[in-house]
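Engineer: Once you've had a glance at the structure underneath, I'll fire off some questions.
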Amino acid sequence: MLLNNVEYALMNNPLRAAIQRRFEARRLLRMGGRIPGGAALELGCGRGVGIELILDVFGASGVDAFDLDPRMVAVAARRVRDRGDRVRLWVGDATAIAAPDATYDAVFDFGIIHHIPDWRAALAEVIRVLKPGGRFFAEEMLASFIQHPLTRRFLDHPQTDRFDAAMFLGALGEAGLTTLCSQNLGKSVIWCVATKPVAV
Ligand SMILES: C[S@@+](CC[C@H](N)C(=O)[O-])C[C@H]1O[C@@H](n2cnc3c(N)ncnc32)[C@H](O)[C@@H]1O
């Protein structure tokens, strides 16, 4: 689901970039470690700050990234134009990822799966494209945040079948991922790192 104008503005500003750099990426790094030389995918890359972090902080050798919104992909392309062939960008949908099975050492989700009506389909795609032993780094907004009257007043999200932390972790398990660690900010946000078992 595309962002409304309010959330588009919230996502495309220096404060959002600072929060992603200083808090979100550092937390996921502490939880799940670096991926030196690894091949990474970012779901819903927005304006491309996550791509820079995956390369520069997590140590990936290359990042494939896509977003449902062509405007976001255009902004991200401008941001990472000096990264050459280390970055591949396209317009795409996390419920049908345009990549072969077992392609990536890591998949990153900076707050996009809660925008997807059939979010379990996205998790099924995440495990499909991960290599055995690969890691899924996720930050997600939970039902309490999405269904809060203030959030509903200003932002557009799917409202049915939203997840709390237990549901999200349960769905990771049902998809075949093993959660390595997770942390919550109250009932609003979850950060977690999960892995695709080597035997799958
Ligand atoms: C809250 S923004 C987060 C953007 C970026 N990851 C960040 O942290 O700034 C959610 C993004 O997910 C994208 N999106 C929504 N549904 C999607 C889908 N099914 N597949 C891929 N991207 C999607 C939106 O266009 C938007 O750019």
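Engineer: Once the cut-off is 19 Å, how many percent of the Cα-Cα pairs in the range 28-133 end up in the long-distance tail?
Structural biologist: 38 percent
Engineer: Would you mind giving the three semi-axes, in whole Å and largest first, of the ellipsoid equivalent to the range 49-108 according to its Cα gyration tensor? Could the numbers behind the result be given before it?
Structural biologist: Details: eigenvalues 57, 53, 17 Å².
Rounded to whole Å, the semi-axes are 17, 16, 9.
Engineer: Quick check of the Kirkwood formula: for the range 133-200, what is the inverse mean of 1/r over all pairs of different Cα atoms, in Å?
Structural biologist: 12.8 Å
Engineer: May I pose another question? Apply the Karplus curve 6.51 cos²θ - 1.76 cosθ + 1.60, θ = phi - 60°, to the phi angles in the range 126-138 and return the couplings in whole Hz, x for Gly and Pro.
Structural biologist: Calculated HN-Hα couplings, in order: 4, 5, 4, 8, 6, 6, x, x, x, 10, 10, 9, 10 Hz.
Engineer: Just need the Rg to Rh number for the range 101-145, please, alpha carbons only, Kirkwood Rh.
Structural biologist: So for the range 101-145, dividing Rg by the Kirkwood Rh gives 1.01.
Engineer: Looking only at Cα atoms, what is the convex hull volume of the range 5-195 per residue, in Å³?
Structural biologist: Dividing the Cα hull volume of the range 5-195 by its residues yields 106 Å³.
Engineer: Sticking with this one: If we count every other residue with Cβ under 15 angstrom of residue 71's Cβ, Lys/Arg +1 and Asp/Glu -1, where does the sum land?
Structural biologist: Once positives and negatives cancel, what remains is 0.
Engineer: So, one more: Which is the longest stretch in the chain that no exposed loop site breaks, taking sites as trypsin sites (Lys or Arg not before Pro) with a DSSP loop state and at most 14 other Cβ atoms within 10 Å?
Structural biologist: Values: sites that count: 34, 187.
The longest uninterrupted stretch comes out as 35-186.
Engineer: Right, here's the next one. Is there a quick way to get the dipole size of the range 91-157? I mean about its Cα centre, with the Cβ of Lys and Arg at +1 and of Asp and Glu at -1; what is the value in debye to the nearest 20?
Structural biologist: Values: 6 positive and 9 negative charges, 30 e Å.
Computed charge dipole of the range 91-157: roughly 140 debye.
Engineer: Moving on to the next point. Mind checking the dipole of the range 5-195: about its Cα centre, +1 per Lys or Arg Cβ, -1 per Asp or Glu Cβ, Debye to the nearest 20?
Structural biologist: Approximately 660 debye in magnitude.
Laboratory data are not the source of any read-out in this text; all were calculated from the coordinates shown. Note that the structure is a prediction, hence the values are computed from the model and not measured. Neighbour counts run over all protein chains shown; Cβ positions are idealised from the backbone, glycine included.
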